[in-house]
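Colleague: Here it is: the structure, laid out below.
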Amino acid sequence: YIFLDSIKNSNGPLLIEIEKSPGSSIGIKLTQAKSPITNKNQILVESVKQASIADRCGAIYVGDQILSIDDISFE
């Protein structure tokens with residue numbers, strides 16, 4: 001529980017690694033939006049499916065910005 005509190009209270013980028021089987025979904029829906037600060041496009045978590053891999057890991061929340069996936073940056 002201390003680990004999850006650290007994630008909830010963090011205010012900087014986190015590296016989150018999720019292992020999944022090929023062809024399976026981690027259970028998140030992404031959306032693209034303009035940053036109100038930089039006016040650049042950013043990728044955000046729109047929803048997390050209940051009981052999915054992402055939900056069970058406890059480290060991904062609606063509104064989180066995704067900076068990269070599989071070492072591919074979105075900047």
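The values are calculated or read from the model by the stated rules, or taken from the named source; none is laboratory data. Being a predicted model, the structure only gives us computed values, none of them experimental. When we count neighbours, we look across all protein chains shown, and the Cβ atoms used for this are built from the backbone with ideal geometry, even at glycine. Side chains included, ligands, DNA and RNA excluded: accessible areas come from the protein's heavy atoms. Shrake-Rupley method; radii C 1.70, N 1.55, O 1.52, S 1.80 Å.
Colleague: Run the paramagnetic zone check for residue 37: 7 angstrom along Cα to Cβ, then residues of segment 48-64 with backbone nitrogen under 18 Å.
Modeller: Only 61-64 fall inside the zone, counting backbone N under 18 Å.
Colleague: A further question on this structure: Could you provide, to the nearest whole Å², the per residue accessible area of the chain with probe 1.4 Å?
Modeller: 83
Colleague: For the chain, state the average projected area of the convex hull of the C-alpha atoms over all orientations, rounded to one decimal in nm².
Modeller: Spelled out: convex hull of the Cα atoms, projected over all directions, averaged, 5.6 nm².
Colleague: Which value in nm describes the separation of the simple spin-label points at residue 62 and residue 29, placed 7 Å from the Cα toward the beta carbon?
Modeller: 1.0
Colleague: Find the relative contact order for the chain and round it to a whole percent, using C-alpha pairs within less than 8 Å whose residues are 6+ positions apart. Before the final figure, lay out each step's value.
Modeller: Details: 91 pairs, mean separation 19.2, N = 75.
In percent, rounded to a whole number, it is 26.
Colleague: Leaving ligands, DNA and RNA out of it, report the carbon-plus-sulfur percent of the accessible area of the chain at a 1.4 Å probe.
Modeller: 52
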